[in-house]
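See below for the structure under consideration.
The values are calculated or read from the model by the stated rules, or taken from the named source; none is laboratory data. Note that the structure is a prediction, hence the values are computed from the model and not measured. Cβ placement follows ideal geometry from the backbone for every residue including glycine, while neighbour counts extend to all protein chains displayed. Note: accessible area is taken over every heavy atom of the protein model, side chains too, but ligands, DNA and RNA are not part of it. Shrake-Rupley method; radii C 1.70, N 1.55, O 1.52, S 1.80 Å.
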Amino acid sequence: MMASSDVDNRAEASLFSDPIPSEMDALCPSPPGPTRPQRDYERIGGRTGTSFCQTLIHLLKGNIGTGLLGLPLAVKNAGLVLGPLSLLCMGVVAINCMQVLVKCSHHLSVKMNRPSLTYGEVVQYGMENVSWLRRHSQWGKQTVNVFLIITQLGFCCVYFVFLSDNIKQVVEAANATTFNCHMNHTNQTQVLVPSFDSRLYMLCFLPALILLVFTPDLRYLAPLSLVANLVMSASLILIYFYSLTNIRYPIHLPYVGRAKDYPLFFGTAIFAFEGIGVVLPLENKMQRPQSFIPVLYLGMGIVTFLYISLGTIGYMCFGEHIGGSITLNLPNCWMYQAVKLLYSFGIFITFALQFYVPAEILIPPVLARVSQRWEKAVDLLLRTVLVIFTCALAILIPELDLVISLVGSVSSSFLALIFPPILQILTFHTEGLSPLVTVRNIIISMIGFIGFLTGTYIAISEIVARNGLKREETFSSYMVQ
């Protein structure tokens, strides 16, 4: 009975007390040091913690992924003028919400005498500032954790679809791939040798990704992660070069898109901007945490510029033919086929980093309830089940643009837009928060909530409509045969 009680206590502590990890925790462990009040936001010693440049690189990596490649289609949904303007506004709001989260974390960590706080703990302690919410503060932490899990598993679903679509395209065009990268003003990669369905490609990737997440320590993947970052950066440069040099003039594209497509823009854009999950882990690991706000402004300024520029240039280049990822529009030549392969390699490695967060939230409480003899087997089994689960979701919705928009609308909107403004009100409501700031925060949260409702509804409606259309086409082709 005592042993059983110890296991139960260990499980409960693991579920409710352990700090929520991030991929940064694996690749960049927290250095030892005094608590935040003692160190006055600065670590003692010259070799612990990350530097300004290291933190900037991590921030850029945490915000640049598949979402960036989907922004040309997002601009198409919003319009050539409204799209970039909306991205600029969303970038400003996203940066403000990240700064609010860091500010609340600073205030509450000093108040609670804690060296650092996770996103969920910030929400928990913020709710404890309000007397009638204090008894439910644990719910706030668990709610944030649930949305973190949904977001990270959503990223993994997007990666399955991205990998299958791009590799499928490379395989189908392999026999006709040449050194001629001439523009033909349509979907550039012509399908010359049709192969099997993209969902079967997902099943082909499944064993490799399962083996990848079996890696006991993600620091073993650090060299591959570095290579992945380099090849993804090189691929982005080539994508920019091709898009800039193949813009068609005069440009006859709608300045404002259809109103019913704007929620799809919102979902894709907030998916791209959802780097708020890495903000606190990065700030907590800095050698000089008081320098994080300049890092945040510089890094997110670069990210916003990349988002607006690639979204606009990509749409201007490919127009109405733009795909769910701009890589799907690149020409059928060896250089740009290599871009797809290299970017896919980077996404493949990144899958393990994104998977780390939900795995470390969900698996330890289960392991705490099994005997030590079975811990390793259960750990590997649960990791396998989680990867199969994300693959199954991707197979159910094999539409890259709609998966990105749905994940962004459902979970990213809460983490990036809805929670931070509410958190600031809860944290500073007893310290004279100005009415203007309160009204601004309410407006931002309402915009996020409206985006969540409309984006989720439109994305699901489009998914149902496309699946219905595909079933009709399949039935028609079967009847003809």
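Structure data summary
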{"item": "Test result for I276, touching a Cys at 6+ places or on another chain (Cβ under 7 Å) and closer than 25 Å to V403 by Cα", "result": "yes"}
{"item": "Hey, G257 under 30 Å from V102 (Cα atoms) and either modelled with pLDDT under 95 or basic (K, R) (or both) or not", "result": "no"}
{"item": "Helices (runs of 4 or more DSSP H) fully within region 43-129 counting 1 or more residues that are surrounded by fewer than 18 Cβ atoms within 10 Å (Cβ to Cβ)", "result": "52-63, 82-112"}
{"item": "Residue selected from region 154-204 under the condition open to solvent by 40 Å² or more (accessible area, probe 1.4 Å) and in a helix (DSSP H, G or I), by the criterion modelled with the lowest pLDDT", "result": "N175"}
{"item": "Candidates L280, L221, L230, L236, filtered to the one that is open to solvent by 30 Å² or more (accessible area, probe 1.4 Å) and either among the hydrophobic types (A, V, I, L, M, F, W, C) or under 18 Å from the mean Cα position of the chain (by Cα) (or both)", "result": "L230"}
{"item": "Hits in region 213-229 (condition: in contact with a helix residue (DSSP H, G or I) (Cβ under 9 Å, 6 or more places away or on another chain), modelled with pLDDT under 90, in a helix (DSSP H, G or I) and not hydroxyl-bearing (S, T, Y))", "result": "L218, R219, L221, A222, L224, V227, A228, N229"}
{"item": "The listed residue being open to solvent by 10 Å² or more (accessible area, probe 1.4 Å) and either closer than 27 Å to F160 by Cα or in contact with a His (Cβ under 8 Å, 6 or more places away or on another chain) (or both), out of R383, R369, R440, R373", "result": "R383"}
{"item": "Candidates T66, T50 - the one that is among the hydroxyl-bearing types (S, T, Y) and under 30 Å from G323 (Cα atoms)", "result": "T66"}
{"item": "Residue count for region 310-326, restricted to those that are open to solvent by less than 20 Å² (accessible area, probe 1.4 Å) and either over 18 Å from the mean Cα position of the chain (by Cα) or more than 21 Å from N166 (Cβ to Cβ) (or both)", "result": "7"}
{"item": "Qualifying residue in region 247-259 (condition: within 23 Å of N63 (Cα to Cα) and in contact with a helix residue (DSSP H, G or I) (Cβ under 7 Å, 6 or more places away or on another chain))", "result": "no"}
{"item": "Scope region 397-437; condition without any contact (Cβ under 8 Å) to a residue 40 or more places away in the chain and assigned to a helix (DSSP H, G or I); matching residues", "result": "I418, I422, I425, P435, L436, V437"}
{"item": "Selection count where residues are open to solvent by 10 Å² or more (accessible area, probe 1.4 Å) and in a helix (DSSP H, G or I), scope region 327-349", "result": "8"}
{"item": "In region 230-252, the residues that are touching a residue at least 60 places away in the same chain (Cβ under 8 Å) and part of a helix (DSSP H, G or I)", "result": "V231, M232, A234, S235, L236, L238, I239, Y240, Y242, S243, L244"}
